[in-house]
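One structure is given below, encoded as structure tokens.
The values are calculated or read from the model by the stated rules, or taken from the named source; none is laboratory data. For clarity, every value in this text was computed on a predicted model and none was experimentally measured. Cβ sites come from the backbone with ideal geometry, for glycine too, and all protein chains shown count toward neighbours. Just so you know, the surface numbers come from the protein's heavy atoms only, side chains and all, with ligands and any DNA or RNA stripped out. Shrake-Rupley method; radii C 1.70, N 1.55, O 1.52, S 1.80 Å.
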Amino acid sequence: MTPMPATSAAVPLRWKLAMASKLTSPRRWLAAGAALVLAVLVLPQAVMAADAFRWSKEVQRGQLDNGLNYYIINTGDAGKQVSLQLLVKVGSLDERDDQSGVAHMVEHMVFHATRKYPAGLKQHMESLGWRIGVNYNAQTNFERTLYMLTTDSKAGSVEAGLDVLAQFAGGALIPADALEPERQIILEEWRTKLGVRERMDRQRRALLRAGSLYPERPTIGTESSIRQQPAQTLRRFYSDWYRPGNMALLVVGNVDASALQPLITQYFKDLVPAALPTRNSPDPELHDQLRVAQLQDPENSASQVGWLLRFREDKRQDVDGMRARLIDRIAERALRSQVRRLAVKLPAGVSSLSSSRGGLGESTGSLGFVASVSVDGHQAGLQQLLLLQERLRRDGLNAGDIAREMAEVRRLNDKGPSQQADRELNGWQAMLADAVQADRILQDPLQKQEQISAIVRELKPADINARLQQWLAAPDRLLFMLAPGMSPVKLPTAAQVLAQQKKLATAALPPLLADKKAAAAPASLPELDSSGAIVREDDLGHGVQRWTLANGDVVVWQPQPKETVMRFAAHAGAGYRLPGAPTWQWQLAAQLGNESDLAGQQEGELARWSTARKVKLSQQQSETQLIYSAGVPAAQLEDLLRLYAARQSQTGIALPALISATDQLARQMARRPDTASEQASAQLSKLRYGELPLDQYPDEAALQALATPAGLATVGQQWTQLGAYPVTYFISGPADSAQMKELAATWLAGIARKAGSQPAQPLVQADGYHEARLAVSLEPQGSVRAVASQAMPWSPERAAQTAILSRIAYRQLRQELREKEAGIYRLNYKLSLDPQSRLQSELSFTSAPERLDALWSAALRVLERLPSQLDTAMLNEEIARLRSSEAQRTSDAGTRFARLQLSYTQYGDARYLDDSKQLLAGVTADSVRALAQEFHLARDLAVVKVVPKEGGASH
Ligand SMILES: [Zn+2]
């Protein structure tokens with residue numbers, strides 16, 4: 001029905017260089033379609049005799065006379081919440097040809113009038129104080145429909161929950177007059193999903209699941225089915241499938257099963273059983289075939305070649321099935337390592353190879369290999385995929401990988417039952433729902449542990465290798481190619497591919513590269529003297545000390561004797577918004593500097609040293625800051641500081657690394673399609689900040705000029721310049737202060753810095769209201785993205801009050817645009833006060849294009865009147881919610897460390913550490929109201945509206 005509310009719109013405010021990340025990960029290709037089942041160690045149902053699988057003792061089960069099954073897990077007193085779910089074993093896959101979209105529409109309609117609550121079940125739940133996305137939700141997919149409720153554990157609340165679930169199960173009336181407005185909301189839900197991702201998913205599903213009903217039964221339905229399905233069809237579907245024998249009640253939490261059972265009987269006994277229609281098979285038909293296909297979309301940016309094998313799998317819940325799945329798991333993981341090893345040296349045009357295994361139904365599995373390729377690298381990619389499979393056919397898996405994965409299974413199995421003992425509410429709930437949905441039992445962990453031990457004892461590496469060969473020999477094969485935008489790809493014919501494969505089968509293959517890790521000499525770091533003195537010490541209170549180092553840097557030290565981890569952060573003003581070069585070039589210098597070896601080291605030596613010592617230093621660059629951070633055991637602290645100092649003083653960027661980075665960037669630029677969403681982002685930035693010549697994407701010529709010795713000198717200077725910024729260190733953890741001081745003097749006090757370096761400055765949004773309209777959408781979809789910004793001094797209290805107002809504004813916007821206007825399905829709204837003293841808000845939603853302007857005006861009115869229409873009950877509810885989440889947060893060491901940094905950056909001391917304990921004491925409905933008076937959320941706004949391209953809508 002509805003996702004969690006109030007997530008940030010994540011409007012990409014500025015373009016950010018993303019060299020290392022692939023635009024579309026290969027794995028995602030294979031994860032298309034419904035959730036793929038990979039529950040290796042949880043077992044499907046079976047025909048069993050002597051060694052019948054036993055249910056876990058944690059689960060209290062029962063069945064009413066009408067056939068309804070219920071399952072109760074008491075998690076004890078620890079959790080105060082109770083989760084109640086009604087699982088209905090029907091999804092869009094079970095729809096008949098004339099029922100497209102009906103399973104999901106029924107899910108929406110059961111929240112309306114029911115026998116017991118003719119004014120609406122949703123109204124009843126809201127009157128109990130339950131909120132959508134917080135206390136209740138529902139979800140339909142291809143295979144099932146799930147209604148979810150979370151209540152406190154008071155007997156009255158749990159009973160009210162059972163009452164509501166019983167209405168879902170059998171009380172819905174689905175009146176025609178309530179269907180009409182709900183259609184509008186479902187239509188907007190359909191519209192929200194439109195876009196390049198949905199188009200690609202649809203194409204992938206058609207290929208991956210060809211031969212099954214999945215491609216023909218999208219859960220959301222189609223535009224015309226949503227507009228036209230009559231209430232009569234929905235009622236029929238409800239009456240066919242919502243029968244006690246086809247539903248299960250799942251209760252997990254702090255509950256007493258014996259007290260619950262009579263209530264379950266009371267609320268659910270009157271459901272009437274009936275014969276059920278036959279469910280459609282989720283498994284595809286398989287054939288001896290090689291299909292060759294292309295995926296294409298004007299807004300797609302990925303470039304890939306993939307090979308997919310489909311086969312039947314043993315999913316029985318018995319010892320044989322358990323053995324089969326253990327072999328699958330070990331083979332899958334050993335294969336991943338082997339593919340990584342074989343992908344170390346790849347030809348030009350192919351940048352990565354990967355493998356992944358998935359499930360495609362009840363008893364169908366798949367194995368996929370994907371190569372990421374350059375725009376013209378598809379032939380090379382195909383050759384690599386064929387070569388890889390031939391290699392695996394001949395050499396099989398690596399014996400070391402198999403041994404390691406078998407040991408891992410043994411290790412996990414030894415831990416098994418104890419792991420289950422401390423599982424929390426959400427873990428139990430998901431496990432139980434998965435098991436019940438698949439008609440499996442949740443097995444007794446001790447029995448499972450014994451059975452797995454016995455199986456693993458007998459397993460041989462040959463069994464694992466045999467499984468790989470079985471997968472590789474699967475006759476149902478698919479080759480697909482995917483190029484950015486509409487660029488043409490020349491697809492080979494199946495006969496050509498088979499001939500290519502046959503040729504490889506008899507060819508001599510180049511020898512395997514030796515395992516690099518084993519061959520490499522133990523790494524070391526060159527000599528370094530970065531020592532100096534501590535010239536001043538201050539006590540900042542709250543147990544925090546400040547040491548000023550001889551080079552001007554500052555260490556803020558907070559001893560935390562009870563912690564096990566040392567936390568480290570180094571802040572400098574070396575953000576990417578510095579004058580003198582484009583922002584992408586500052587980012588490139590920072591990233592290259594951070595990935596390079598030290599001057600004089602062999603390739604990869606520093607990385608090997610870091611891996612061997614288990615110290616990892618992460619770098620993050622924002623507009624205004626360059627931050628290094630790490631967390632290490634106390635014994636590793638010196639290695640960490642040593643690494644940081646070497647990184648600062650001895651990094652040597654090499655020309656090949658620069659050339660490879662600029663090449664990669666050029667490829668990324670070449671396949672960057674001009675999507676509607678990119679154009680909207682660029683326009684939004686222009687409205688907010690004006691033209692920014694330094695923020696342009698790099699062009700081919702600039703990248704080529706940089707990939708030269710002269711360019712290397714420039715990048716080297718930029719790296720040095722970034723490293724010369726004065727640094728404030730934050731360190732917290734169990735080290736003792738004397739030792740810490742000595743380490744700081746030895747490794748940090750002598751790093752060369754340049755005083756007076758001007759820190760990078762953030763952009764500030766232009767005042768006033770600025771709006772632009774772009775006709776670029778390929779879908780019948782209008783969308784709005786808006787960002788407001790005003791100056792407002794930061795304080796922890798104001799930030800908390802702003803978070804409360806953010807949730808209230810979200811609720812009021814949703815109420816107006818969705819409940820009242822039925823104009824949208826989902827909206828994103830987030831209001832926050834950032835430490836750079838700007839109050840920022842981001843708002844986005846999609847709607848029918850013709851309603852966009854009216855809905856936007858309605859949203860503006862909500863924001864304008866927000867300060868004067870704050871309901872006290874709502875304020876108090878949100879304050880209570882924030883208090884309870886704050887109570888959990890303050891006990892977290894990571895949060896305390898973040899607050900130390902925030903406090904020192906804001907105030908030059910550690911006051912926020914203590915203040916934050918009192919923080920919410922001063923937050924009252926009145927104080928929040930007073931702050932809201934200072935907001936003008938509808939005044940300084942940049943707004944971009946996107947509407948369909950003329951004649952370009954594809955529906
Ligand atoms: Zn929905």
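Summary of values
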item: Candidate set from region 301-336 (those that are among the polar types (S, T, N, Q) and either open to solvent by less than 10 Å² (accessible area, probe 1.4 Å) or modelled with pLDDT of 95 or more (or both)); member that is nearest to residue 438 (Cα to Cα); result: 317
item: So residue 219, is it within 16 Å of the ligand (Cβ to nearest atom), in a helix (DSSP H, G or I) and polar (S, T, N, Q); result: no
item: Subset of region 875-892 (residues that are under 14 Å from residue 923 (Cα atoms) and open to solvent by 30 Å² or more (accessible area, probe 1.4 Å)); result: 876, 877, 880, 881, 882, 883, 884
item: Selection within region 142-168 - out of contact with any strand residue (DSSP E or B) (no Cβ under 8 Å at 6 or more places or on another chain) and in contact (Cβ under 8 Å) with a residue 60 or more places away in the chain; result: 142, 143, 155, 159, 163, 166
item: Helices (runs of 4 or more DSSP H) within region 857-955 that include 1 or more residues modelled with pLDDT of 90 or more; result: 872-890, 893-907, 925-932
item: Cross-chain or 6+ apart pairs with Cβ under 6 Å, region 321-335 first and free of Cβ contacts under 8 Å to residues at least 60 places away in the same chain, then open to solvent by 10 Å² or more (accessible area, probe 1.4 Å); result: 324/314; 332/357
item: Answer residue from region 686-738, given it is among the acidic types (Asp, Glu) and part of a loop (DSSP other than H, G, I, E, B) and is nearest to residue 902 (Cα to Cα) among those; result: 736
item: Number of the condition not met by residue 341 [criteria: (1) open to solvent by 40 Å² or more (accessible area, probe 1.4 Å); (2) in a helix (DSSP H, G or I); (3) within 27 Å of residue 53 (Cβ to Cβ)]; result: (3)
item: Residue check, residue 192 open to solvent by less than 40 Å² (accessible area, probe 1.4 Å), within 16 Å of the ligand (Cβ to nearest atom), among the hydroxyl-bearing types (Ser, Thr, Tyr) and over 28 Å from residue 291 (Cα atoms); result: yes
item: Residue within region 447-469 that is of a type outside the set (D, E, K, R), in contact with a Ser or Thr (Cβ under 7 Å, 6 or more places away or on another chain) and open to solvent by 10 Å² or more (accessible area, probe 1.4 Å) present; result: no
item: Among the residues listed as 639, 663, the single one being more than 30 Å from residue 377 (Cβ to Cβ) and either in contact with a helix residue (DSSP H, G or I) (Cβ under 9 Å, 6 or more places away or on another chain) or part of a loop (DSSP other than H, G, I, E, B) (or both); result: 639
item: Filter pass, residue 854 being open to solvent by 10 Å² or more (accessible area, probe 1.4 Å), among the small types (Gly, Ala, Ser) and within 30 Å of residue 297 (Cβ to Cβ); result: no
item: Among residues of region 687-703, those that are free of Cβ contacts under 8 Å to residues at least 12 places away in the same chain and farther than 15 Å from residue 583 by Cα, counted; result: 1
item: Any chance residue 332 is under 30 Å from residue 399 (Cα atoms) and of a type in the set (D, E, K, R); result: yes
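Here's the yes/no breakdown for (1) more than 30 Å from residue 924 (Cα to Cα); (2) within 28 Å of the chain's Cα centre (by Cα):
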site	(1), (2)
791	no, no
800	no, yes
808	no, yes
825	yes, yes
831	no, yes
838	no, yes
843	no, yes
852	yes, no
